[in-house]
Amino acid sequence: MDRKSKLREIALAACIVLGAAQGAHAQALSNGGASGAVVSQPGTTTALPDTSQAGQGETTALTPDENRQSAAGNVAELQQMIRGSELSELRTTYNGTYGASLLFYGKEMTYYVALFQQKNFWRVIKTQDVGRAELIYKDFVRQTMQLSDVEIRRTQLEAQKAFTQRMIALSQERASRLQADLDVARQQQSIVASQQQQKRAEATVLAQQKAQAQDQLRAAQRQVRELQRQLETGLPLH
């Protein structure tokens with residue numbers, strides 16, 4: 001084996017060791033923030049609003065080469081690689097229907113950073129610099145948060161609307177039951193009032209009849225006493 005061959009072997013071994021170290025570093029970073037969800041095979045790309053200028057204080061500016069990568073076929077390349085089993089998912093973050101993933105192709109020590117919506121890739125950046133990959137991934141995560149704000153707000157408002165409508169329906173149902181109870185109470189009250197009026201009229205008539213009867217009783221008693229007196233007239237007292 002000549003000297004050049006030995007140098008090539010040494011260089012190849014060094015590259016393998018360096019790649020293993022970089023992969024271990026990326027895996028250690030992913031343990032703190034990985035979602036544990038595996039990105040499904042996406043479909044076609046989806047046109048989304050450009051947020052590259054939003055939050056400029058935190059945005060990771062892409063290089064001209066990185067900006068050209070999606071147009072150069074990174075999306076299609078990553079879609080094809082996902083169908084295999086040699087691509088490792090290091091990190092994935094979801095915000096609403098938007099997500100960002102950091103993927104690693106160990107054979108070439110290459111990192112793919114993807115931004116997607118509903119599992120359809122939007123942007124894909126390819127790099128062999130793990131530090132750069134981490135920065136782009138964080139920026140894509142920030143973009144997913146911005147993009148999902150309106151979506152999350154809409155979901156919350158939709159739920160609040162449905163909850164309010166359900167409360168309105170329950171309130172209306174309760175109001176209907178109370179109205180029915182009130183109608184029954186008013187009807188019963190009317191019946192009771194009519195009965196009371198009739199009883200008062202009957203009591204008045206009975207009172208008058210009682211007074212007449214008492215007058216008749218007193219008259220009869222006077223008559224009895226008078227007849228008794230007449231009957232006893234002329235008789236000795238003892």
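Bear in mind that the values in this text are calculations on the coordinates, not laboratory data. Just so you know, these numbers come straight off a predicted model, no measurement behind them. Note: ideal-geometry Cβ built from the backbone for every residue, glycine included; neighbour counts use all protein chains shown.
Table for the structure above
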quantity	calculated
Nitroxide proxy distance, nm - points 7 Å out along Cα→Cβ at Val184 and Arg218	5.2
5 angstrom amide H check on Gln128, placed H, neighbours 5+ away	Tyr111
Cα principal axis extents for the range 146-238, largest first, Å	131, 24, 10
Virtual spin-label span in nm between Thr155 and Glu86, 7 Å along Cα→Cβ	3.6
